[in-house]
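Each remark here refers to the structure printed beneath this line.
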Amino acid sequence: MNQDQTKELLLGIEPSKTDFSIVFTGKKSSMVNGLYKPMTREILIHNKNFENDGQLVYTAIHEYAHHLHCEKGAFVPGARAHTNEFWSIFHDLLEKAEKQGSYTNNFATDPDFVDMTKKIRALLPENGRLMLDFGKLVVEAEALCRKHFVRFEDYLDRAIGVPRTSAGAAMKAFTLQVPADLGWDAMKLVSGIKKPETRAAAIDAFMAGKSPESVKAMVKAEKPSDDPKFRLDKERERLEKTIHTLQERLAMVESEISKLDED
């Protein structure tokens with residue numbers, strides 16, 4: 001597979017509003033398989049890293065997801081490259097590529113992976129049920145603390161040694177009766193969703209096999225705008241606040257240094 005074929009494959013999965021280039025470096029890298037440069041809109045692929053085209057396609061889709069993600073933000077790099085929005089875009093591209101036959105999901109086709117996944121997934125409901133039982137007991141413990149006029153947080157910290165966030169999530173999961181089949185991590189995410197309809201949609205998404213990142217992006221309260229100017233305005237606002245905070249801290253540090261110098 002050459003550069004032109006790779007670009008054609010990517011555009012066949014999802015069209016891009018802006019042009020981009022693909023460069024096979026002809027190199028082998030021990031650090032990364034590929035790289036995306038938002039300012040020049042280049043996808044660099046270290047094509048000597050791969051044993052087969054499937055690996056190359058996976059990396060190309062990953063870097064293309066960065067391009068589509070940056071496209072939404074007018075190609076101004078954000079604070080983090082691998083956000084929930086990015087992972088949602090990437091996983092969506094993989095699903096489309098699998099349906100088109102452009103990419104093969106080894107996890108779903110290789111017998112060894114299928115068997116391993118079956119074994120691991122069989123444990124998830126058990127894990128979920130244990131946490132629901134735990135949540136039930138913690139709810140009872142909270143009531144006991146109220147009865148005896150003692151701090152529930154102190155009981156969590158010193159009597160059972162469980163982080164408050166973990167206990168709180170288990171209590172919510174038990175109260176909402178989140179399905180144990182999801183497994184604890186998914187249950188924890190679902191139990192943190194306030195709106196019943198959104199919570200139900202998240203449960204359905206997990207049941208359908210969506211990734212945690214995709215579900216997080218789906219249920220996010222404030223959906224990222226597709227308007228580049230709006231995104232740039234928000235990024236400028238974020239940067240201005242950060243700069244202001246750092247300037248205040250710098251002034252405070254300089255003031256303390258001056259006091260020490262006077263002494």
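The values are calculated or read from the model by the stated rules, or taken from the named source; none is laboratory data. Computed from a prediction, not measured in an experiment: that's the story for all the values here. Reconstructed Cβ throughout: ideal geometry from the backbone, glycine too, with neighbour counts over all protein chains shown.
In table form, for the structure just shown:
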{"read-out": "Members of the stretch 117-140 that are in contact with a Phe, Trp or Tyr (Cβ under 9 Å, 6 or more places away or on another chain) and more than 30 Å from Tyr155 (Cβ to Cβ)", "value": "Thr117"}
{"read-out": "Criterion violated by Leu68 - all others in (1) farther than 30 Å from Leu9 by Cα; (2) surrounded by 16 or more Cβ atoms within 10 Å (Cβ to Cβ) satisfied", "value": "(1)"}
{"read-out": "Candidates Thr40, Thr59 - the one that is of a type in the set (Val, Ile, Thr) and surrounded by fewer than 18 Cβ atoms within 10 Å (Cβ to Cβ)", "value": "Thr40"}
{"read-out": "Residue list for the stretch 157-166, restricted to those being part of a helix (DSSP H, G or I) and closer than 23 Å to Gly183 by Cβ", "value": "Ile160, Arg164, Thr165, Ser166"}
{"read-out": "Residue match in the stretch 167-181 (condition: of a type in the set (Ser, Thr, Tyr), surrounded by 15 or more Cβ atoms within 10 Å (Cβ to Cβ) and part of a helix (DSSP H, G or I))", "value": "no"}
{"read-out": "Residue check for Arg231: in contact (Cβ under 8 Å) with a residue 12 or more places away in the chain and assigned by TED's automatic domain parsing to the domain that holds Arg129", "value": "no"}
{"read-out": "In the stretch 62-102, the residues that are modelled with pLDDT of 85 or more and assigned to a loop (DSSP other than H, G, I, E, B)", "value": "His82, Thr83, Gly101, Ser102"}
{"read-out": "Close pairs (9 angstrom Cβ cut-off, 6 or more residues apart or separate chains): under 15 Å from Leu93 (Cα atoms) in the stretch 7-24, modelled with pLDDT of 95 or more and assigned to a strand (DSSP E or B) anywhere", "value": "Lys7/Ser21; Lys7/Ile22; Lys7/Ile43; Leu10/Ile22; Leu10/Ile43"}
{"read-out": "Top-ranked residue in the stretch 85-122 [being touching a residue at least 40 places away in the same chain (Cβ under 8 Å) and over 23 Å from the mean Cα position of the chain (by Cα); ranked as surrounded by the fewest Cβ atoms within 10 Å (Cβ to Cβ)]", "value": "Gln100"}
{"read-out": "Sole residue being among the basic types (Lys, Arg), farther than 30 Å from Ala122 by Cα and exposed (fewer than 15 other Cβ atoms within 10 Å of the Cβ), chosen from Lys220, Lys194, Lys259", "value": "Lys259"}
{"read-out": "Residue count, the stretch 15-38 (criterion: aliphatic (A, V, I, L, M) and either at positive phi or not assigned by TED's automatic domain parsing to the domain that holds Gly54 (or both))", "value": "0"}
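For (1) loosely packed, with under 12 Cβ neighbours inside 10 Å; (2) at negative phi; (3) within 16 Å of the chain's Cα centre (by Cα), each residue gets a yes or a no:
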{"residue": "Lys188", "(1), (2), (3)": "no, yes, yes"}
{"residue": "Arg199", "(1), (2), (3)": "no, yes, no"}
{"residue": "Thr245", "(1), (2), (3)": "yes, yes, no"}
{"residue": "Leu250", "(1), (2), (3)": "yes, yes, no"}
